[in-house]
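Encoded as structure tokens, the structure appears first; notes follow it.
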Amino acid sequence: MISKMKGKDIDMGNVAIYPGSFDPITYGHIDIIERAIHIFDKVIVAIAHNDEKRPLFTVEERLEMVKEVFEDNPNVIVDSFKGLLVDYVAKTNAKVSLRGLRATSDFEYEFHMASMNRSLNTHLDTLFMMTSKDYFFVSSRTIKEVARLGGAVEGLVPDLVVRRLKEKFKLPVTKKKQIGWDD
Ligand code: ADP
């Protein structure tokens, strides 16, 4: 893939775009990105401006979190986009959109989106990667629900995301209470 940077053409190699809401990024997403980076030279994590989904985190906050997670990996590029994915992809020349599949319930929606994107841009293929066994039940939506109710999401999202969720939901840092005869 040839991309323009500061007026120069730079060959970025084989590039995949991983579009999504990432509201917030979870270890399920991170697992897909880390596996994809062994297949592609670069992975562009493209955060969608999708206000109709009423996201918890702003695009800026989501960008910050994903950038922080991948700050040591120059092969992961983090960006955001408005509008149609195919229009964004056209600006980058990438030919593959990467998506993750957790369960058969994901399949129908993903199948429709991939077919629609292919009808809008015949050069854009969607590549699906199966979730890992450790993260098949992890979605941003359930993470938000559990965190809002004060449940532990450690181990399912990075610590920096745990902190952001606690800030958002104004939750105190919990200390385990010792229950004994003195209570
Ligand atoms: P969107 O709102 O576009 O579905 P998401 O951030 O929810 O964006 O997900 C982006 C992509 O990552 C989707 O293809 C989704 O199926 C996939 N994904 C989300 N969570 C996981 C997970 N735990 N394992 C594998 N893929 C996942």
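The values are calculated or read from the model by the stated rules, or taken from the named source; none is laboratory data. As the structure is a computational prediction, the values presented were derived from the model and not from experiment. As a convention, Cβ positions derive from the backbone with ideal geometry for all residues, glycine included, and neighbour counts pool all protein chains shown.
Values for this structure:
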quantity	calculated
Condition met for residue 23 (buried (at least 21 other Cβ atoms within 10 Å of the Cβ), at pLDDT 95 or above and at negative phi)	yes
Pick from region 126-164, criterion part of a strand (DSSP E or B) and not aliphatic (A, V, I, L, M), ranking: surrounded by the fewest Cβ atoms within 10 Å (Cβ to Cβ)	154
Residue count for region 116-151, restricted to those that are out of contact with any helix residue (DSSP H, G or I) (no Cβ under 6 Å at 6 or more places or on another chain), closer than 15 Å to residue 24 by Cα and away from the ligand (no atom under 13 Å from the Cβ)	3
Positions within region 152-163 being more than 15 Å from the ligand (Cβ to nearest atom) and either of a type in the set (A, V, I, L, M) or within 17 Å of the chain's Cα centre (by Cα) (or both), in sequence order	152, 159, 160, 162
